[in-house]
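Q: This structure is in structure tokens; I'll ask about it shortly.
The values are calculated or read from the model by the stated rules, or taken from the named source; none is laboratory data. Since the structure is predicted, the reported quantities are computational estimates derived from the model, not experimental observations. Note that each Cβ is placed from the backbone with ideal geometry, even for glycine, and that neighbours are counted across all protein chains shown. Heads up: the accessible areas ignore ligands, DNA and RNA and are worked out on the full protein's heavy atoms, side chains in. Shrake-Rupley method; radii C 1.70, N 1.55, O 1.52, S 1.80 Å.
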Amino acid sequence: MRALLTTAHGDRSVLQLDENFEDPQPAPGEVVVAIAATAVNFHDIFTRRGMPGIQIGLPVIVGSDIAGEVIALGPDVDAKWEGKRVLIDPIFRDGKRFGMIGETCHGGRAERIAVSTAQLIEIPDGVSLDHAASLPLAYGTAWRMMVTRGHIAKDETVLVLGASGGVGVACVQIARLFGANVIACASSDSKAERLKAIGAEHVVNYAERPFREAVHEIIGKPRMTGKGGVDVAVNFTGGDTLLDTQKCTRLGGRILTCGATAGYDVSLDARYWWTFEHDLIGSNGWQVSDLEALLTEIDTGRLEPVIDQRLPLEQSAEAERLLEDREVVGKVLVVP
């Protein structure tokens, strides 16, 4: 089969297409899935670059968000899975091994993959394979942070930093799904227009002015009276942005995070934390129940994942470039 290999740690030149990679064979309890699409995530790029403290066997086929159709059953597999359209939950949850498909074992940048039936989620008829493949790492993470952990509610005002990426776009859409009002932050006017098109009431171009200044102008500076500030601030950028995020969040507000793309060594002003009684809520990845909830929202027509581009397998390096150069709004899919 055709597969795209990350052959070493380095720049995008280490990505190589193999036209004759060995076909996967299903072990007991496994199926073979014909891959329809796999989403590109920054995790794929981090795997290519090398992550401190994490040993990756190379070469590896990355790609963790995978959707397709079951084409072969291994021993001891229920016949009900034959021909099913499935989303693959990439996390190993059985306690026997750890890590994620596309990282510690081969993933979705290929024509086929063998996976355990424990990781299969049947896709409802009203959900396309492309939309299903967009879900786990971005939408699953956003849903757990915003809904399962953050309890977003109608008429709340939500600030989303880094709103144009996969997780950020998902946060904007999920906030609007629950009837919240969104202030989104992006780095260009073109991204701002696309975020407005998916429901953001206000978009701040942080390349032109500090986001704290803009948020205060839009909703007012937080006061001890309870006036001003956002109800919920979503900050998974980290770096030097957390202090300004605190200064945008109202009395009794919530600050949500699921990562720190700009750096995990952050500055926090404890005075704002206790004086404004902020809840700092962390969220780590997703559970199967979060993915099932998302599939239901898509199936009922309430949610449509944003797909920026759909590229063939051999253009995987270009797909990664688009993310690295911050040229996308939403998800990029690679198709075999």
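Q: Once Rh for the range 1-118 is found with the Kirkwood sum over Cα pairs, what is the Stokes-Einstein diffusion coefficient at 37 °C and 0.692 mPa s, in µm²/s?
A: Values: Rh = 14.6 Å.
After rounding, the answer is 225 µm²/s.
Q: To make sure I understand the rule: partners must be lysines, Cα under 16 Å from the Cα of Lys191, and not fewer than 8 residues away in the same chain. Which ones qualify?
A: Of all the lysines, those that pass the test against Lys191 - Cα under 16 Å, at least 8 places apart if same chain - are Lys331.
Q: Place a +1 charge on the Cβ of each Lys and Arg in the range 221-336 and a -1 charge on the Cβ of each Asp and Glu, then give the dipole magnitude about the Cα centre in debye, rounded to the nearest 20.
A: 760
Q: Starting from the Cα of Lys247, draw a straight line to each of the aspartates and glutamates and keep only those under 18 Å, dropping any in the same chain fewer than 8 residues away.
A: The reachable aspartates and glutamates, counting only those whose Cα sits under 18 Å from Lys247, are Glu156, Glu213, Glu217, Asp231, Asp269, Glu277, Asp279.
Q: Please report the antiparallel percentage of DSSP beta bridges with both residues in the chain, rounded to the nearest 5.
A: Just about 55 percent of them are antiparallel.
Q: Quick check for me: using +1 on Lys/Arg Cβ and -1 on Asp/Glu Cβ, what's the dipole size of the chain about its Cα centre, in debye to the nearest 20?
A: Charge dipole of the chain: 1040 debye, to the nearest 20.
Q: Could you state the principal axis extents of the C-alpha atoms in the range 185-286, from the largest down, to the nearest angstrom?
A: 38, 32, 25
Q: What is the Cα coordinate range of the chain on the first, second and third principal axes, sorted by size from largest, in whole angstrom?
A: Its Cα atoms span 65, 40, 37 Å along the three principal axes.
Q: Quick check: pseudo-label points 7 Å beyond the Cα along Cα→Cβ at Asn284 and Asp94, how many nm apart are they?
A: Computed distance between label sites Asn284 and Asp94 equals 2.2 nm.
Q: Beyond 19 Å, what share of the Cα-Cα pairs of the range 56-207 remains, rounded to the nearest whole percent?
A: Here the tail beyond 19 Å accounts for 61 percent of pairs.
Q: Give the lysines whose C-alpha is closer than 22 Å to that of Lys154, dropping any in the same chain fewer than 8 places away, or say none.
A: List returned: Lys196, Lys221, Lys227.
Q: Then there is this: Which one, Gly53, Trp81, Val70, projects farthest toward the positive side of the charge dipole computed for the range 46-86 from Cβ point charges (K/R +1, D/E -1)?
A: Of the options given, the answer is Gly53.
Q: Quick one: which residues, 5 or more positions from Gly253 or on another chain, have an amide H under 5 Å from its amide H? H modelled 1.01 Å from N in the peptide plane, none for Pro or chain starts.
A: Placed amide hydrogens put Asp279 under 5 Å from Gly253.
Q: Whole-Hz ³J(HN,Hα) for each residue in the range 137-142, computed from phi via Karplus 6.51 cos²θ - 1.76 cosθ + 1.60 with θ = phi - 60°, x for glycine and proline: what do you get?
A: 5, 9, 5, x, 5, 5
Q: Moving to a separate point now. So for the chain, taking the charge dipole from beta-carbon charges (+1 Lys/Arg, -1 Asp/Glu), which of Thr38, Thr249, Ala142 sits furthest toward the positive end?
A: Of the candidates, Thr249 comes out farthest on the positive side.
Q: What distance in nm separates the two pseudo spin-label positions at Glu193 and Glu22, each 7 Å out from Cα along the beta-carbon direction?
A: Output for this residue pair reads 5.1 nm.
Q: Among 27-37, 301-311, 169-179, what's the highest-first ranking by average C-beta atoms within 10 angstrom per residue?
A: 169-179, 27-37, 301-311
Q: Can you sort Phe236, Phe98 by 1.4 Å-probe accessible area, starting with the largest?
A: Phe98, Phe236
Q: Under 5 Å between amide H atoms, partner at least 5 residues away or on a different chain: which partners does Ala262 have, H built in plane at 1.01 Å?
A: Amide H neighbours of Ala262: Gly238, Gly239.
Q: Residues of the chain: accessible area per residue at 1.4 Å, in Å²?
A: Numbers: 14460 Å² over 336 residues.
I get 43 Å² per residue for the chain.
Q: Counting only protein heavy atoms and using a 1.4 Å probe, what share of the accessible area of the range 209-336 belongs to carbon plus sulfur, as a whole percent?
A: On the way: 2920 of 6160 Å².
On the range 209-336, the fraction of accessible area on carbon and sulfur atoms equals 47 percent.
Q: Sort the following peptides by mean Cβ neighbour count (other Cβ atoms within 10 Å, averaged over residues), highest first: 152-161, 277-286.
A: Working: 152-161: 21.2, 277-286: 16.1.
Packing order, densest peptide first, comes out as 152-161, 277-286.
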